[in-house]
1. Explain nothing, just the number: relative contact order of the range 270-344, from Cα pairs under 8 Å at least 6 residues apart, as a whole percent.
2. Using a 1.4 angstrom probe on heavy atoms only, work out the carbon and sulfur share of the accessible area of the range 331-378 in %.
3. Using only alpha carbons, build the gyration tensor for the range 14-88 and give me the equivalent ellipsoid semi-axes, biggest first, whole Å.
4. Please identify every one of the trypsin sites (Lys or Arg not before Pro) in the range 294-343 that sits in a loop by DSSP and has no more than 10 other beta carbons within 10 Å of its own beta carbon.
5. Please figure out what share of the DSSP beta bridges in the range 299-416 is antiparallel and state it in percent, rounded to the nearest 5.
6. In terms of solvent-accessible area of protein heavy atoms at a 1.4 angstrom probe, what is the ranking of Trp261, Trp6, highest value first?
7. Given the range 6-54 reduced to its alpha-carbon atoms as identical point scatterers, what log10 I(q)/I(0) does the Debye formula return at q = 0.16, 0.32 Å⁻¹?
8. By how many nm would the segment from Arg420 to Ile5 lengthen if fully extended, with 0.36 nm per residue of separation less the alpha-carbon distance?
Amino acid sequence: MANEIWTIKRCLEWTKEYLAERGEEHPRLSAEWLLCAATGLARIDLYMRMDETLNAAQLETMHAAVVRRAKGEPLQYITGSTQFRMIDVACAPGVLIPRPETEMLVEEVLNYLDAEVLSPEAAARQRVELPWNDEVEQARKAEAALADERATAERRAANLTAADEAALGGDVLGSRAYAEELADREAEEAAAQAAEAEAAEAEAMETPEPELDEYGIAIEGAGQETASAQDAAAPAPAEPRIARVLEVGCGTGCISLSLAWERRGHVTCTATDIEPRAIDLATKNRDALGLTADEVAFSLTNLVSSIPREEWGTFDVLVSNPPYIPTGVMRSLPHEVKDFEPDLALEGGADGLDIFRRLLNAAPYMLRAGGLFACELYEGALDAAAELCRQAGLSDVRIVHDLTDRPRIVRAIVTEPKQRI
């Protein structure tokens, strides 16, 4: 084996067959992922370089990866990363692997922020009078005047009947064509005069009459002072609104990092987790994206315990993908989930809502009035979760279905924030 030549093509085909024999659902896709991780190539590059030979280090890496995958270990743990929406995130054992359903949770939060937090602020800004606003208005008036003149000319030309033309004979001065030409010329001259007058008026507005002294001589700098005073009187544009998001149970950090990445400069996130490995991994992912701690802050704590009292009631969103698998369902999870991913991030109690209830209790204290509470949950628990939200006094309670049309997300609005004494 050591002396054999293993090209990318041969390794790909061998791995596909090996994994298929051991029950792999998508053996070729898995083989491609593993080869990409071992060689550092993109999937498309594999097919462009099929005849290239793997070196000893790549073969060793590939062998170890195939053995792990054959035992059922998730690909994301083996390759060390996965794609989530617009970013790549590192994955590691002990931390929950991001799921496609969670991408929809991010989408729900972004839709809310765009509609209720970010966009209204932009729409409420006062209209700034720009220097060319008057010019645009004058041009519009000139176009309207020209249209009126042309309409008058057409009416004048239409009044010359066939009988009139016969009576006038071949005299071009009395023909309909000349009447139309004359009307057009008059309209063009009128439009030109109007444009000149409007340009002169606009110039006069831009260049105010100079202030004269007692001898009728212009005082230098007076116009500049007037302009400066006008500029000083103009209201400064409002500062853009920065949305604040609180995420509980961040795992790899994929939710908060996506929100901050996709609305950079407009969203800041505070994210918590009780698992030290999750906080370390999320911090690594943040640093890899070039985001700062001011944009996404991670905190090792139980739920919201580390949130300072002065920040209670200041968040626009509380979002979470909490442990939500009912205890009775845990036994039926796929082998690669129940035997490799952390129970702490999966099991949610008898009905899957143990952590959800605690988050629902915290939401009115963490969120401002009108803030969004959004959670991803087990498909069989959404109706119960929605009813709990209503009983807690939240409004606009909705259930969102995932791409397979299964109920997956509950979202609601906090209308009456609470303050703990």
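The values are calculated or read from the model by the stated rules, or taken from the named source; none is laboratory data. Remember, predicted model here, so these are calculated numbers, not experimental data. Here the Cβ is made from the backbone with ideal geometry for all residues, glycine too, and neighbour counts use every protein chain on show. To get the accessible areas, we keep the full protein, side chains included, count just its heavy atoms, and leave off ligands, DNA and RNA. Shrake-Rupley method; radii C 1.70, N 1.55, O 1.52, S 1.80 Å.
1. Taking the mean separation of contacting Cα pairs over the length of the range 270-344, I get 30 percent.
2. Taking all protein chains in place, the range 331-378 shows 53 percent carbon and sulfur surface.
3. 17, 17, 12
4. Arg331
5. Within the range 299-416, antiparallel bridges account for around 65 percent of the total.
6. Trp261, Trp6
7. -0.38, -1.22
8. Computed gain between Arg420 and Ile5 is 142.4 nm.
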